[in-house]
Amino acid sequence: MRAVHFGAGNIGRGFIGALLDQSGYETVFVDVNEALIDLLNERNQYHVELAGADSTIEVKNVSGLNSMKQPHEVVDALVHADLVTTAVGPSILPVISKLLAEGLEKRMKEQAGPLNVIACENMIGGSEALKQHVLENMDESLHERLVDLIGFPNAAVDRIVPDQHNEDPLTVKVEPYYEWVVETPAIKGVQPEVEGITYVEDLTPYIERKLFTVNTGHAATAYLGSYYGHSTIKEAMDDPIVKEKVEGALKETGAVLIEKYGFDKVQHEGYVDKIINRFLNPDLSDEVTRVGRGPIRKLGPKDRLVRPAVEYLERVEEDPHYLVEVIAAALSYKNEADSEAKELQEKVLDHGPTAAFKDISELNANHRLVQLVEQKYKEMN
């Protein structure tokens, strides 16, 4: 079996590439990083280290293509592929879509059969977004055929790949835990046999579970950690005060998820425990400034802090005390090296914390969450 994977970075090699190899695929990495591509072709293998587990996975049967210098070879690889995956970052999906469209067009002309393209990105609806970009780069007369033959099943992926500088450029360190969930209705032909994929009919509950647990928990640790003077996630989680507040916030988001999607309470508590242990892994510890960057986006109405807090008020009909404290800590977050953090503090200074929060969260002044955050911010500052 052959796979074409766009993105030879740490996530591509350490997460997706490793699972493809374990599933028996020969994987062709497509990237613009000439040095990485040359090394992949020279060695045809690399090592993945599992952080905190003192073990290494040897990934074999790999090669690389430079999308800038070898576009025709990439097109031919797509014609003969059994699976296509990506891990390039949401902003790069439009960039790769033109070459992907060329390959899929040639594949359809040569009647090579159905194919599935899975975007493994940290975004909602990544594969569907990639599909739209591909359609924009393809003659309209081929649209119907593409829709019939090429599947773009959405996916949710979760694996921490810490910032790292390894002596061997191909070696990558990742956490042992991972989750790769793929939605089945959009799959064309035979369901790809990939060890580690969980196939589900509806991806939405799993996307929100990750957003309200991993992303909420990580942000809560960063903002509370910064408030209490800690510099790393591990250091923050070693503080019993911070840990208790993060766990409290995840109990509140868990109550929303259980009520909304019917997750088993005991199983969800086990999932939360795994997430907390990931934050405590010393080999994965990250700077609170990196995890906390972009506070305006993270305080947005549909993101990891405000959205679960609003839904907690609506579904549980109680005040989300821990989430309110996290939001107040985020409003207090200062980092001169982060443009959004600077902009946030300018908003707070110019208009006051309540007006700033109301504007960012798109909630009206009478909303219960706005009132709670206003009160907590005053207590904390």
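Listing for the model above:
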quantity: Long-range HN-HN contacts of Ala3 with modeled amide H, under 5 Å; calculated: Glu26, Thr27, Val28, Asp82
quantity: Cα-based Rg and Dmax for the stretch 138-287, where Dmax is the largest Cα-Cα distance (Å); calculated: 19.0, 61
quantity: Degrees between helix 93-109 axis and first principal axis of the chain (Cα, 0 to 90, nearest 10); calculated: 30
quantity: C-alpha long axis of helix 265-280 to longest principal axis of the chain, angle in °; calculated: 90
quantity: Candidates Gly12, Gly24, Gly270, ranked by Gaussian network fluctuation over the chain, Cα under 10 Å, top entry; calculated: Gly270
quantity: Simple spin-label estimate for Ser141 and Glu110 in nanometres, 7 Å along Cα-Cβ; calculated: 2.1
quantity: Descending principal axes extents, the stretch 214-289, alpha-carbon based, whole Å; calculated: 37, 23, 19
quantity: Per-residue SASA entry for His321, accessible area with 1.4 Å probe, Å² rounded to 10; calculated: 120
quantity: Between helix 321-331 and the chain: long-axis angle, C-alpha atoms, 0 to 90°, nearest 10; calculated: 80
quantity: The stretch 292-372 - accessible surface per residue (Å², probe 1.4 Å); calculated: 48
quantity: Förster-model FRET efficiency, 45 Å R0, Asn277 and Asn366, C-beta, rounded to 0.05; calculated: 0.65
quantity: DSSP beta bridges in the stretch 1-152 [antiparallel fraction, %, rounded to 5]; calculated: 25
quantity: Accessible area per residue in Å² at 1.4 Å probe, computed on the stretch 1-102; calculated: 42
quantity: Within a Gaussian network of the chain (alpha carbon springs, distance under 10 Å), most fluctuating of Leu349, Leu135, Leu363; calculated: Leu349
quantity: Whole-angstrom Cα spans of the stretch 284-381 along principal axes, big to small; calculated: 38, 36, 24
quantity: Protein accessible area in the chain, 1.4 Å probe - carbon and sulfur %; calculated: 46
quantity: At R0 = 45 Å, FRET efficiency that the Cβ-Cβ distance of Glu34 and Lys302 yields, to 0.05; calculated: 0.70
quantity: Simple label model, 7 Å out from Cα along Cβ direction - Glu58 to Asn44, nm; calculated: 1.4
quantity: Spin-label model distance (nm) - Lys69 vs Asp238, 7 Å beyond Cα toward Cβ; calculated: 4.5
quantity: Largest-first ordering by accessible area, 1.4 Å probe, given options Thr289, Thr213; calculated: Thr289, Thr213
quantity: Over the stretch 32-160, volume per residue of the alpha carbon convex hull, in Å³; calculated: 122
quantity: Per-residue ³J(HN,Hα) for the stretch 115-132, Karplus 6.51 cos²θ - 1.76 cosθ + 1.60, θ = phi - 60°, Hz, x for Gly and Pro; calculated: 8, 10, 10, 10, 7, 9, 10, 7, 7, 8, x, x, 5, 5, 5, 5, 4, 5
quantity: For Gly151, distant residues with modelled amide H under 5 Å away; calculated: Leu115, Asn116, Val117, Lys188
quantity: Rounded if a/c under 1.5, otherwise prolate or oblate - the stretch 241-323, Cα gyration tensor axes; calculated: oblate
quantity: Charge dipole magnitude, Cβ of K and R +1, D and E -1 - the stretch 247-381, Cα centre, debye nearest 20; calculated: 180
quantity: Karplus-derived 3J(HN,Hα), 6.51/-1.76/1.60, for each residue of the stretch 191-197, Hz, glycine and proline x; calculated: 4, x, 8, 10, 5, x, 7
quantity: Kirkwood hydrodynamic radius of the stretch 1-60, from inverse mean 1/r over distinct Cα pairs, in Å; calculated: 11.8
quantity: Per-residue HN-Hα couplings for the stretch 35-42 [Karplus 6.51, -1.76, 1.60; θ = phi - 60°; Hz; x = Gly/Pro]; calculated: 5, 5, 4, 4, 5, 4, 6, 6
quantity: Reciprocal mean inverse distance between Cα atoms of the stretch 319-367 - Kirkwood radius, Å; calculated: 11.4
quantity: Antiparallel bridge percentage (DSSP; both residues within the chain; nearest 5); calculated: 30
quantity: Share of pairwise Cα separations in the stretch 163-240, more than 16 Å, in percent; calculated: 69
quantity: Semi-axes of the equivalent ellipsoid for the chain, Cα gyration tensor, largest first, Å; calculated: 39, 23, 20
quantity: Heavy-atom accessible area per residue - the stretch 223-282, 1.4 Å, Å²; calculated: 46
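The values are calculated or read from the model by the stated rules, or taken from the named source; none is laboratory data. These numbers come from a predicted model, not from an experiment. Counting neighbours? That spans all protein chains shown, and the Cβs are built from the backbone with ideal geometry, glycine included. SASA here: full protein model, heavy atoms, side chains in, ligands and nucleic acids out. Shrake-Rupley method; radii C 1.70, N 1.55, O 1.52, S 1.80 Å.
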